[in-house]
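The values are calculated or read from the model by the stated rules, or taken from the named source; none is laboratory data. What you see is a predicted model, and the numbers here were worked out from it, not measured in a lab. Every residue, glycine among them, receives a Cβ derived from its backbone with ideal geometry; neighbour counts consider all protein chains shown.
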Amino acid sequence: MNLGFYIILTAQFLSALADNSLLFAAIALLKDLQSPTWYTPVLQEFFVVSYILLAPFVGAFADGMSKGRVMFISNNIKLVGCLAMLAGVNPLFAYGIVGLGAAAYSPAKYGILTEYLPAEQLVAANAWMEGTTVFAIILGAIIGGMMLNPHISASLSSYLPVLSGIGIAKFAIILITLLYFSAAITNLFIPLTAPDHNTPRRDPVSLVCDFWLSFKQLWRDPLGQVSLAVTTLFWGAGATLRLVVLTWAMMVLKFNTQQATQLTAVVAIGIAIGAVFAGRYVKLADSVKVISTGILMGIAVMSMVFVSTPSMAALLLFIIGVLGGFFVVPMNALLQHRGHLLMGAGHSIAVQNFNENLSILVMLGFYAIFDKIGQSLNVIILAFGSFISISMLLIQYHYRHLDISSHG
């Protein structure tokens, strides 16, 4: 990889670290404002919904100019949301602004890989990107946990009297604005790439129609539909798994909230390592072969019902993370490659984000329904794990059928 790629990677790390730290700072700010407890889950919804509502527009935006410039503009939108939170705007709406920037940022940060690198380096590049993002998530969770720790807050206040006036949450947000600012400066050094796919008409109706055409085109392409189905299921499952692990850790392992949050980081570490192995050993042409790893991941999730000790729990969650990282990175690379060939990388990633975040909302909804009707945690885990394995098995069967047909 050349220097330009590492500049892209650095910009993504700084922006992702700011995103994940800001979530915890926003939660702390809600507590400082004595907001209702239901504001906390709604906070994430305000962020995610932008990916769904803006999907028809962010792809055309990302493909209409140099991806580095798009990343710069999108990062500054995040910075505006952060400053709005600092200025006293309702944290829900301010975090929603950050979500707008994140929705526009995503097609550019992945799309630039297909424009800047040759196809044979895409899996390795995605492994680096995924590993860097996961590291930012882990570090963001650590920083966020420190923000929410009252002992650390009190200690900081004693050393920095200014905190007693503005509060630890707002002080954290000030630091996070510096991260966004650093990411913006880094974006200025990203190598320029030519626009990938200019949309002739940019009025809202035309953009929605253009998105719909891209949506259908990607789902009709044999390799596109397989990679899109896998990544859609993976990220919906990943968001749900995070809540399942938190509940499981507190109910079965008797962890407190902070310990349970740290346990979810074990999955993230596993994903990063799995991504590294995928980048090293899986070629783009062999990407579809890793679907069987997703089947094993579902089985590993189901085996959570037999685990009751912290050490075994950490090992199992690490294995789940490794399996997840190993199979989702090649699928991401394949999807980007097909999208780049068919319609422009930004358009395809906007379609991907739309599907993935819709999947997150739906799966979290089903999890909430299971919980509300009083299903036991073991039933939820078994249902969730079997759904992953069966879905991946059906996708694998479907692909093999397409493969046989395409070769007569």
- Task: Name, by its number, the condition in (1) in contact with a helix residue (DSSP H, G or I) (Cβ under 6 Å, 6 or more places away or on another chain); (2) part of a helix (DSSP H, G or I); (3) modelled with pLDDT of 80 or more that does not hold for residue 239.
- Result: (3)
- Would the stretch 341-355 turn up any residue that is in a helix (DSSP H, G or I), of a type outside the set (Phe, Trp, Tyr), modelled with pLDDT under 80 and surrounded by fewer than 16 Cβ atoms within 10 Å (Cβ to Cβ)? yes
- Considering every residue within the stretch 248-259, establish whether at least one is crowded, with 18+ Cβ neighbours inside 10 Å, in a helix (DSSP H, G or I) and under 21 Å from the mean Cα position of the chain (by Cα). no
- If we keep just the residues of the stretch 206-222 that are of a type outside the set (Gly, Ala, Ser) and under 22 Å from the mean Cα position of the chain (by Cα), which is modelled with the lowest pLDDT? 211
- Message: Among the residues in the stretch 167-187, are any polar (S, T, N, Q), modelled with pLDDT under 80 and either crowded, with 16+ Cβ neighbours inside 10 Å or in contact with a Phe, Trp or Tyr (Cβ under 9 Å, 6 or more places away or on another chain) (or both)?
- Response: no
- So, in the stretch 22-38, of the ones that are small (Gly, Ala, Ser) and touching a Leu at 6+ places or on another chain (Cβ under 7 Å), which residue ends up modelled with the highest pLDDT? 26
- Note on the structure: Residue hits (the stretch 25-58; assigned to a helix (DSSP H, G or I), closer than 14 Å to residue 86 by Cα, out of contact with any Ser or Thr (no Cβ under 7 Å at 6 or more places or on another chain) and of a type in the set (A, V, I, L, M, F, W, C)) are 25, 26, 28, 29
- Task: Residues being aromatic (Phe, Trp, Tyr) and over 14 Å from residue 265 (Cβ atoms): count how many of those fall in the stretch 312-339.
- Result: 2
- Task: Just one of (1) surrounded by fewer than 23 Cβ atoms within 10 Å (Cβ to Cβ); (2) on the phi < 0 side of the Ramachandran plot; (3) among the polar types (S, T, N, Q) trips up residue 114, so point out which.
- Result: (1)
- Message: It is to be established whether one or more residues within the stretch 64-71 are over 30 Å from residue 206 (Cα atoms), of a type in the set (Ser, Thr, Tyr), surrounded by fewer than 20 Cβ atoms within 10 Å (Cβ to Cβ) and touching a Pro at 6+ places or on another chain (Cβ under 9 Å).
- Response: no
- So is residue 58 buried (at least 21 other Cβ atoms within 10 Å of the Cβ), closer than 26 Å to residue 115 by Cα and in contact with a Phe, Trp or Tyr (Cβ under 7 Å, 6 or more places away or on another chain) or not? no
